[in-house]
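These notes are about the structure you will find just below.
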Amino acid sequence: MTKKPRVLGVIPARGGSKRLPRKNIKMLAGKPLIAWTIEAAAKAATLTDWLVTTEDDEILEVARQWGAPVPFKRPAELAGDEVRNIDTVMHAMEFMEAATGREYDILVLLQPTCPIRDPRHIDEAVTRLWESDLDTAASVKGPFKKRDPILKAVRGGVLEDYHPVADPAAVEAFYLYNASIYAMKRAWFVRERKHISPRQVPVLMDDFHSTDIDTEADFLKAEAYINHLRKHSEG
C-alpha cells in the first residue's frame, strides 16, 4: 500500500469504574490519568483524527481542558458495565465518518488505563499494520522465557507446567497483551466486530511502558515508573 492511511484514534473513558472509582480522572504524577493518553495521541504523527468518547460530564470537561477533541457525548446505551470497547469504537467511527464524509482505513483503540505508552508506539502500530497483510496489530510485553517453563497451572491441587515441553531448555518465549494499543483495518473490524484477529502484527513494549492501571497498587507502580523514566530522560 502506497497511500497514507486515514486513521482514527479512539480513547474510551467511561465514568463508572467499579474497582477504582473515577480512575480516568484520578491524578497520576501531576496529571489526570486520561491526560497521559491524550498527550500521546496528540503527538502521534499517524493519527488523522482522534477523540475521547465518554458519557460522563466531568470526564468530558477534563478531556477538553487537556486539549482532546470530544465531538459528542456518548449515548447512555453505550455507558453500562456490559458495553464493549468494540461498540464504542464503532460508534465513534460512524460518527466521525458521517461528520467528515470519508471512511477511515485504520481504527486505533487507546485505553486511558495505559498511561505510559509513547507516541512512537502508536505510530509503529499504525505503520506496521498498514504495511502488513494482517488485519490487526496489538501491543505486547515480553519476551518471557527461562530455561524451565514459567507458565504454571494448578490442576487438582498440583502445580504443573501449563504447557508441558519435552525439552525445558527449548521452551518457546511468550508475550502478553498489555492493553495499551489495538489497531484494526476498517474492513476487517466492520465485518468481524472484533479488535483481535487470529494472527496479529506485534508491537513490543517494555515493562515500564506496558503499565496497565486497574487498582490502587497499579497507580503506585505507574507513578514510580513515570518518575524513573523522567529521571532517566533528564539524565
Hey, what's the Kirkwood Rh for segment 139-183 if you take every pair of different alpha carbons, in angstrom?
12.0 Å
Principal axis dimensions, segment 62-144 - Cα atoms, whole angstrom, descending:
40, 29, 29
Have a look at segment 121-235 and give its Rg and Dmax from the Cα atoms, expressed in angstrom.
17.7, 51
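I'd like to know how segment 192-235 sits against the 2.2 N^0.38 Å rule of thumb: what's its Cα Rg over that expected value?
Numbers: Rg = 14.9 Å, N = 44, 2.2 N^0.38 = 9.3 Å.
So the Cα radius of gyration is 1.61 times the expected 2.2 N^0.38 Å.
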Spin-label model distance (nm) - D207 vs M27, 7 Å beyond Cα toward Cβ
2.9 nm
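For a footprinting-style exposure proxy, rank S139, S210 by other Cβ within 10 Å, fewest first. Spell out each step's value before the answer.
Working: S139 25, S210 22.
In order of increasing Cβ crowding within 10 Å: S210, S139.
Let me have the relative contact order for the chain, percent, based on Cα pairs under 8 Å that are six or more residues apart.
23 percent
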Taking the beta-carbon count within 10 Å as an exposure proxy, list H195, H232 from fewest neighbours to most.
H232, H195
If we count other beta carbons within 10 Å of each Cβ, what is the order of H121, H163, H91, fewest first?
H163, H91, H121
Counting pairs of Cα atoms in the chain, how many percent are more than 31 Å apart?
27 percent
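Can you tell me what share of the DSSP beta bridges in the chain is antiparallel? A percent to the nearest 5 is fine. If you can, show how the numbers build up before the last one.
Details: 17 of 31 bridges.
Approximately 55 percent, going by the DSSP bridge assignments.
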Give the lysines whose C-alpha is closer than 30 Å to that of K31, dropping any in the same chain fewer than 8 places away, or say none.
K18, K23, K43, K73, K141, K221, K231
How far is the Cα center of segment 12-56 from the Cα center of segment 129-148, in Å?
24 Å
Calculate, in whole percent, how much of the Cα-Cα pair population of segment 1-79 lies beyond 20 Å.
34 percent
Got a sec? Charge dipole of the chain, +1 on Cβ for Lys and Arg, -1 for Asp and Glu; which of G157, Y104, M205 is way out at the positive end?
M205
Counting as exposed only GluC sites (Glu not before Pro) in DSSP loop states with no more than 11 other Cβ atoms inside 10 Å, the longest exposed-site-free span of the chain is 1-81
What FRET efficiency do you get for R147 and L176 if R0 is 25 Å and r is their Cβ-Cβ distance, rounded to the nearest 0.05?
0.80
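The numbers here are math on the coordinates, done by the rules we state, and not lab data. The shown structure was predicted, so the numbers you read here are calculated from the model rather than taken from an experiment. Backbone-built Cβ (ideal geometry, glycine too); neighbour counts: all protein chains shown.
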